[in-house]
Amino acid sequence: MKAKHAMIPKEKLKVAVLMGGDSAEREISLSTGRQVLDALNPEKYDARPVDARGLGQNLTALLEPRPDVVFIALHGPHGEDGAVQGLLDWLGLPYTGSGVLASALAMDKALSKKLFRAEGIPAPWSVVVTSDEPENTNLASLAPPLVVKPNRQGSSLGMTIVHETRHIREAIRLALEYDNQVLVEEFIEGTEITVSVLGNSHPFALPVLEIIPKAEFYDYASKYEVGGSRHIIPARISQSASRKALDYARRAHVLLGCRGMSRTDFIVRGDEPVVLEINTIPGMTPTSLLPDAARAEGISFPELISRLISSALEV
């Protein structure tokens, strides 16, 4: 659990925007960080960028001067898996987003889906293949179409939709380039939607957003290239499915102990939203989903960033 901090100085708030890092999503993180820096009102915030690359060996860039709050704009391993959150807890620095446990649980797709299913939140069935015995895993019972992806990675890196059994091993080898655990799960066909949630003890869900990617699925290019996908708010789904998605997203946020923000991605099959994954540090790039959903709720991007900082400083 994150340490509690009760301090909002009257002078400009010193904000360190932690960005970059050393994961495969470094460029996305840098883009998110730049957007956050641009959104911070210089009359209210004294903001500066801090590249997380090499932070474990050299904390000077982060601590001199010591910030009042750290805005985590990192994606992928070492950024949204609880690692940097643990470091910041140890340093006694408040930070945006979820704490160590919630971050780690959300990053582990297989484990988080087990928790969701146990709580009555629909999630696809799946099996985990490890790098120790990738060739010995019995895949005979798995009938395509399947989704094969790294278990602890983001931005659809290393992800493949497999339509023929003979391509499963190849897809697993690709995913193993990004993680030593690979998730092989059922492919669910339907409408792709996402629900963002804001808040700590009393979280609320933003409008349901429908995603229409140009590619076969919402891949890296669909997420981060201008024109890679269309976002429709409100999503063109039934009222029943929309109510369920809002409820599931809030419940998932609370179940994992998320703070500040989260974004839960779904496929609506028939009238039932099925959880694909939950993200504790959604992207803040010009094409990202959370800022779009916030705007639909009347929350500008600068206001969204300010709200996240306020959430980090809540007692």
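The values are calculated or read from the model by the stated rules, or taken from the named source; none is laboratory data. Since we're looking at a predicted model, the values are computed, not measured. Every residue, glycine among them, receives a Cβ derived from its backbone with ideal geometry; neighbour counts consider all protein chains shown. Heads up: the accessible areas ignore ligands, DNA and RNA and are worked out on the full protein's heavy atoms, side chains in. Shrake-Rupley method; radii C 1.70, N 1.55, O 1.52, S 1.80 Å.
Quick notes on this structure:
- All conditions in (1) closer than 16 Å to Glu25 by Cβ; (2) out of contact with any Leu (no Cβ under 9 Å at 6 or more places or on another chain) hold for Gly97, with the sole exception of (2).
- Residue selected from the range 254-295 under the condition open to solvent by 20 Å² or more (accessible area, probe 1.4 Å) and β-branched (Val, Ile, Thr), by the criterion farthest from Ala73 (Cα to Cα): Val254
- One residue from Ala123, Ala118 being hydrophobic (A, V, I, L, M, F, W, C), modelled with pLDDT of 95 or more and crowded, with 20+ Cβ neighbours inside 10 Å: Ala123
- Of the residues making up the range 127-157, those that are of a type outside the set (A, V, I, L, M) and at pLDDT 90 or above are Pro144, Pro145, Lys149, Pro150, Asn151.
- When restricted to residues that are within 27 Å of Met159 (Cα to Cα) and in contact with a strand residue (DSSP E or B) (Cβ under 6 Å, 6 or more places away or on another chain), the range 21-53 contains 4.
- Considering the range 44-76, and only residues there that are acidic (Asp, Glu) and not in a loop (DSSP other than H, G, I, E, B), the residue that is most open to solvent (accessible area, probe 1.4 Å) turns out to be Asp46.
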